[in-house]
Amino acid sequence: KNQVEQSPQSLIILEGKNCTLQCNYTVSPFSNLRWYKQDTGRGPVSLTIMTFSENTKSNGRYTATLDADTKQSSLHITASQLSDSASYICVVSAITIEEKLVFGKGTKLTVNP
Amino acid sequence: NAGVTQTPKFQVLKTGQSMTLQCAQDMNHNSMYWYRQDPGMGLRLIYYSASEGTTDKGEVPNGYNVSRLNKREFSLRLESAAPSQTSVYFCASSVGGKNYGYTFGSGTRLTVV
């Protein structure tokens, strides 16, 4: 069964600190892995998309890594800001005839001053 | 750039009432999607339209119908609302094919009493 598991479920950090969110998946055939940021009351916004051959991709203070062998990904946030408070969703794409997205439940990050 | 626009943002229905959620995108995307997001669960695909003139069922289509009115607009209809359809509904669009980003609307929060 295609599944995406994220950890931790929630995380509280102080402003300026770094943090790392984890994503494990059992999705096949694998096409790509995406990280989304979802602010409260808003729709998800794309941070990164990585294909099988990509190990790391950055978007400002966000750096995603992918290990396709172990089926793990991480999202590292550097020098956190209050505006980073949001849910971060890992999404893995399987592709047969058409692309199918499998969503994780998300990690809720709170950045406190 | 408006991106993906959803209306209404909030709605309360009584059990058995019907309503249509509207979605429009201005990015000339081929593919459009309807998802629902429930507490403690990842986003689940209700219906999608890979291109103008086509629609297909997703993971949880029961109780819903869709119409791809033209390339820009994709509506979701609840014919006889049930409390189990209380959720946040997101419309999304994509160029289509694999490895392209999805753009999400800001959501419709629906409560069925």
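The values are calculated or read from the model by the stated rules, or taken from the named source; none is laboratory data. Note that the coordinates shown come from a computational prediction; the quantities given were computed from them, not determined experimentally. Every residue, glycine as well, gets a Cβ built from its backbone with ideal geometry; the counts of neighbours run over all protein chains shown. The accessibility values were calculated without ligands, DNA or RNA, using every heavy atom of the protein model including side chains. Shrake-Rupley method; radii C 1.70, N 1.55, O 1.52, S 1.80 Å.
Residue check: B:Asn62 meets all listed conditions (1) open to solvent by 60 Å² or more (accessible area, probe 1.4 Å); (2) under 12 Å from the mean Cα position of the chain (by Cα) but one, namely (2). The residues of the stretch A:32-42 that are open to solvent by 10 Å² or more (accessible area, probe 1.4 Å) and either within 10 Å of chain B (Cβ to nearest Cβ) or in contact with a Cys (Cβ under 9 Å, 6 or more places away or on another chain) (or both), listed by number, are A:Gln38, A:Asp39, A:Gly41, A:Arg42. Residue count for the stretch B:35-56 under the criterion of being more than 12 Å from every other protein chain (Cβ to nearest Cβ) and either in a strand (DSSP E or B) or surrounded by 20 or more Cβ atoms within 10 Å (Cβ to Cβ) (or both): the result is 2. Within the stretch A:37-63, restricting attention to residues that are basic (Lys, Arg) and in contact (Cβ under 8 Å) with a residue 12 or more places away in the chain, the residue that is nearest to B:Arg36 (Cα to Cα) is A:Lys37.
Only residues that are open to solvent by 70 Å² or more (accessible area, probe 1.4 Å) and assigned to a loop (DSSP other than H, G, I, E, B) were counted in the stretch B:3-17, giving 4. The residue pairs whose first member lies in the stretch B:93-113 and is facing chain A (nearest Cβ under 8 Å), whose second member is in a loop (DSSP other than H, G, I, E, B) and open to solvent by 50 Å² or more (accessible area, probe 1.4 Å), and whose beta carbons are closer than 6 Å, counting only pairs six or more residues apart or on different chains, are B:Ser106/A:Arg42. Quick check on my filter: what residues within the stretch B:65-92 are open to solvent by 20 Å² or more (accessible area, probe 1.4 Å) and within 14 Å of chain A (Cβ to nearest Cβ)? Residue satisfying the conditions is B:Val88 alone. Just one of the listed residues (A:Leu82, A:Leu66, A:Leu109) is under 21 Å from B:Tyr100 (Cα atoms) and either of a type outside the set (Ser, Thr, Tyr) or within 11 Å of chain B (Cβ to nearest Cβ) (or both), and it is A:Leu66. Here's a check for you: in the stretch A:15-28, which residue that is open to solvent by 50 Å² or more (accessible area, probe 1.4 Å) and out of contact with any strand residue (DSSP E or B) (no Cβ under 6 Å at 6 or more places or on another chain) is modelled with the lowest pLDDT? Out of the qualifying residues, it is A:Ser28. The number of residues in the stretch A:6-27 being more than 30 Å from B:Phe10 (Cα to Cα), part of a strand (DSSP E or B) and not polar (S, T, N, Q) comes to 6. Out of A:Pro44, A:Pro8, one residue alone is modelled with pLDDT of 95 or more and touching a Phe, Trp or Tyr at 6+ places or on another chain (Cβ under 7 Å). It is A:Pro44. Considered as a group, the residues in the stretch A:85-98 that are of a type outside the set (A, V, I, L, M) and either touching a strand residue (DSSP E or B) at 6+ places or on another chain (Cβ under 9 Å) or closer than 23 Å to A:Leu109 by Cβ (or both) include one that is farthest from the other protein chains (Cβ to nearest Cβ), and that residue is A:Ser85. Filtering the stretch B:93-102 to residues that are open to solvent by less than 50 Å² (accessible area, probe 1.4 Å) and either assigned to a loop (DSSP other than H, G, I, E, B) or at pLDDT below 95 (or both) leaves B:Ser94, B:Gly96, B:Gly101, B:Tyr102.
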